[in-house]
Amino acid sequence: MKSLLTVEQFIKNREQYLLVDVRSPGEFSLAHIPGAVNIPLFSDEERALVGTTYWKEGTDRAKLVGLSLVGPRLPGMVEEMLESAAGRDIVLYCWRGGMRSGSVFSVMEALGYPAWQLVGGYKAFRRHVVRYLKSAEIKMPVFILNGLTGVGKTLVIKELQRKGAPTIDLERLANHRGSAFGGIGLGKPRTQKDFEAHLFFALKEIETAPYVLLEGEGKKVGPVVLPDFLYSAMHHGEHILLEADLEIRVDRIIKEYHGIDESVEPLADAALMLQKKLGQKKCSALANQIRQGELRPAAMALCSEYYDQYYRDSQQNIGHYLAVVDVNDIQRGAAVILAVVTEYLQKGESSGSI
């Protein structure tokens, strides 16, 4: 009897499974379940060929074409799955939990290797995520970390995570820093579907936490859009302002971007995208500085002439912040933030859970 695993069962114990997505690389890159490895049954071109055969010649002929394509690589697929599993149970899925994952499952079963097939495939997982985010609500206290560009908000979030504090790193989930320079060096930003899948698991992890800490973001982080319930919770949360000296901020910016690419052209191109705010002449000068390796003066100018002015225009009145924290020293600043949060919670201002 086939071993079937529901999406709910997988989510409850997902650490014990190796999730194998047998769809084509193109399908996987558009959206997949976080943590899955792609061991495709067909390449993108082969998938198109099987699909064309199905529509022109019918199911039986398409099956034969598919078998001829995948047969020689099945031993390698099985070996790769077993090596990747590292003692975990193997869970196979495709788009709808149908023929592709079912055929690989049959091979595993015939060889005597235990495996599961995810009921409904990626489509069932996606429906689960959409339902969750549609009805989600954050009731716990939310603390938002704000500050000028380069102040180190992401570094503080990572230090807070290291200290065991409940956080959600939205920029990591989006794989984007949320600015004109935000995607440089990070590779492809996540699609909306993938972002929502990662956000789903991040929210599940803090369901019973007494509070959550987030970096201040706009409605969008790069190309992805935050769900309304989360953006509203951030807007109405308690805001903490992080401050650091300009020189330290510039050091952090340079460290973040220096050496991420053999070419500085992506940085120069990003500077040119700011012409509506800074004008063509200034942007051209910044781009030339970057191309010549003069990253410090370029970063200094971007902070003082663009980002700082832009941020201060939208900044709250200083009296509206729960606290103002010096983060010239990241570890010390994170400790102060935790002390501020603890004191606030002890005063009984708010409580609850998602």
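Assorted remarks:
- Pick from segment 13-46, criterion hydroxyl-bearing (Ser, Thr, Tyr) and assigned to a loop (DSSP other than H, G, I, E, B), ranking: modelled with the highest pLDDT: Ser24
- Long-range neighbours under 6 Å by Cβ, at least six apart or interchain, first residue in contact (Cβ under 8 Å) with a residue 12 or more places away in the chain and open to solvent by less than 10 Å² (accessible area, probe 1.4 Å) within segment 90-110, second outside any helix (DSSP H, G or I) and among the basic types (Lys, Arg): Cys94/Arg23
- Residue in segment 115-134 that is surrounded by 23 or more Cβ atoms within 10 Å (Cβ to Cβ), at negative phi and among the aliphatic types (A, V, I, L, M) present: yes
- The one condition in (1) without any contact (Cβ under 8 Å) to a residue 24 or more places away in the chain; (2) under 31 Å from the mean Cα position of the chain (by Cα); (3) surrounded by 14 or more Cβ atoms within 10 Å (Cβ to Cβ) that Gly76 fails to fulfil: (3)
- Looking at Gln346, Gln309, Gln316, just one residue is modelled with pLDDT under 95, farther than 25 Å from Thr167 by Cβ and not hydroxyl-bearing (Ser, Thr, Tyr), and that residue is Gln309.
- Scan of segment 100-151 for residues that are in a loop (DSSP other than H, G, I, E, B) and among the hydroxyl-bearing types (Ser, Thr, Tyr), ordered by number: Tyr113, Thr149
- Filtering segment 157-191 to residues that are assigned to a loop (DSSP other than H, G, I, E, B), aliphatic (A, V, I, L, M) and over 24 Å from Ala339 (Cα atoms) leaves Ala180, Ile184, Leu186.
- Scanning segment 154-167 for residues that are surrounded by fewer than 21 Cβ atoms within 10 Å (Cβ to Cβ) and at negative phi returns Thr154, Leu155, Lys158, Gln161, Arg162, Lys163, Ala165, Pro166.
- Every listed requirement among (1) in a loop (DSSP other than H, G, I, E, B); (2) closer than 30 Å to Cys283 by Cα; (3) hydroxyl-bearing (Ser, Thr, Tyr) is met by Thr154 save one, (1).
- Near pairs, Cβ below 8 angstrom, 6+ apart or cross-chain, from segment 148-165 (without any contact (Cβ under 8 Å) to a residue 40 or more places away in the chain) to any residue that is of a type outside the set (A, V, I, L, M) and open to solvent by less than 30 Å² (accessible area, probe 1.4 Å): Lys158/Asp169; Gln161/Thr167; Gln161/Asp169
The values are calculated or read from the model by the stated rules, or taken from the named source; none is laboratory data. Given the structure is predicted, the values throughout are model-derived calculations rather than measurements. Cβ coordinates were reconstructed from backbone atoms using ideal geometry, including for glycine residues, and neighbour counts include every protein chain displayed. For the accessible areas, the whole protein counts, side chains as well, though only heavy atoms, and no ligand, DNA or RNA atoms are used. Shrake-Rupley method; radii C 1.70, N 1.55, O 1.52, S 1.80 Å.
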